Amino acid sequence: MRFPLPAAAALFLLLSTQAAAQTTFATITGAVMDSTGAVVPGVGITATNVETGIKTATVANQAGVYTIPQLKEGTYTLVAEAAGFAEFRVENIILAARDVRRVDIALTVGQIATQVEVSAGATLIETESARITSTQSATLLKTVPLNARWMWAFLDMAPNFVSGPEGRRFGGSRSNQANWAIDGTNFNDGDGNAIGPQANYIESYEEVKIDLANNSAEFGAVGQVTVITKRGTNQLHGTLFDYYSTPFFKARNPFQAQRPTGVLHLYGTTLSGPVYIPGVYNGKNRTFFFNSYEGNIGGVSVNELNSTVPLEPWRSGDFSGLGNR
């Protein structure tokens, strides 16, 4: 039996299952005013990603309010232009995943060639929402002196996050009241914990965003961990590394006679840049690639389970005294 194309497409939509995912894009919003505080409608505003050169434009509405959504995390330059006013430029706007960044624009009368420049930097306090967030960038993930490169070691640094026998908990919640996502796609084990080797190989991470409370309606859990992977830019980049751990660098447990044994290598490499095929295609400002590989190899490790000496009766197999305790 043959189905016409429209009927087949409708059947496909009916049989499709729902996929749980959340946005990871950031937003810049604000109001446009002149030097007297009056709103200025119809102003053209452009946000440019510094690393990729991709531009996103909008126009302020009649109330002088503008919103530029669907922005990838990264560093941006914001430019506002209107006839009769000097160009307003904000450099170094650093956006994390799902940031809602407010940047109000104050226009001054002047020639088109005149510029008013402002440096923004990273958001210290997100004023557009009430959520409590801790964002850890790729630079922080690589430079913080911890005893492992696992994601869990960095999560333990976040305030109001507890990792213990009951699992990983956010803001005093239970271990199953958390959600984990990578690039907007959930990866949970059903008990509020992330699974899979991807959670431990952090060289491909651009940032880890930890929402500890007051999440927006799209997230049903108290805690939300959003992992954003790296992407290519207009510059060709590559890394080659080996995270080496040896007993010589390990501190001795004060209750043990010697340092723990075992050697561990966490190694990997990355390569990223624009897609470029000589004479065929130049992907600068348009198409990019990112590849990474990580692995580990280590020796045998010996751990003492319990160095406590048992009581004298226990050594001969007499445990009768336990019933009176």
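The values are calculated or read from the model by the stated rules, or taken from the named source; none is laboratory data. Please read these numbers as outputs of a predicted model, since none were measured by experiment. Cβ coordinates were reconstructed from backbone atoms using ideal geometry, including for glycine residues, and neighbour counts include every protein chain displayed. For accessibility, only protein heavy atoms count, side chains too; no ligands or nucleic acids. Shrake-Rupley method; radii C 1.70, N 1.55, O 1.52, S 1.80 Å.
Candidates are the residues of segment 294-309 that are at pLDDT below 80 and surrounded by 10 or more Cβ atoms within 10 Å (Cβ to Cβ); the one that is farthest from Ser272 (Cα to Cα) is Glu304.
Could you say whether any residue in segment 63-73 is more than 24 Å from Asn215 (Cβ to Cβ), of a type in the set (Ser, Thr, Tyr), modelled with pLDDT of 80 or more and out of contact with any Lys or Arg (no Cβ under 9 Å at 6 or more places or on another chain)? Checking segment 63-73: at least one residue is more than 24 Å from Asn215 (Cβ to Cβ), of a type in the set (Ser, Thr, Tyr), modelled with pLDDT of 80 or more and out of contact with any Lys or Arg (no Cβ under 9 Å at 6 or more places or on another chain).
Within segment 78-95, the set of residues being open to solvent by less than 10 Å² (accessible area, probe 1.4 Å) and in a loop (DSSP other than H, G, I, E, B) comprises Ala86 only. Within the option set Thr27, Thr58, Thr52, being within 29 Å of Asp183 (Cα to Cα) and either modelled with pLDDT under 90 or part of a loop (DSSP other than H, G, I, E, B) (or both) holds for one residue only, Thr52. Can you pull out every residue in segment 39-77 that is in contact (Cβ under 8 Å) with a residue 60 or more places away in the chain and buried (at least 19 other Cβ atoms within 10 Å of the Cβ)? Hits for segment 39-77 are Val43, Ile45, Thr52, Glu73. Candidates are the residues of segment 133-174 that are under 16 Å from Val225 (Cα atoms), free of Cβ contacts under 8 Å to residues at least 60 places away in the same chain and in a helix (DSSP H, G or I); the one that is most open to solvent (accessible area, probe 1.4 Å) is Trp152. So, Arg168, is that one at pLDDT 70 or above, within 22 Å of Ala96 (Cβ to Cβ) and of a type outside the set (Asp, Glu) or not? Yes: the conditions hold for Arg168. Here segment 23-38 is the region considered, the condition is being farther than 17 Å from Gly110 by Cβ and open to solvent by 40 Å² or more (accessible area, probe 1.4 Å), and the residue that is farthest from the chain's Cα centre (by Cα) is Gly37. Using the structure shown, decide if Asn291 is modelled with pLDDT of 85 or more, under 30 Å from Lys72 (Cβ atoms) and open to solvent by 80 Å² or more (accessible area, probe 1.4 Å). Yes.
The residues in segment 31-72 that are at positive phi and in contact with a Pro (Cβ under 8 Å, 6 or more places away or on another chain) can be counted, and the count is 1.
Within segment 172-185, the set of residues being small (Gly, Ala, Ser) and closer than 11 Å to Ile210 by Cα comprises Ala178, Ala181.
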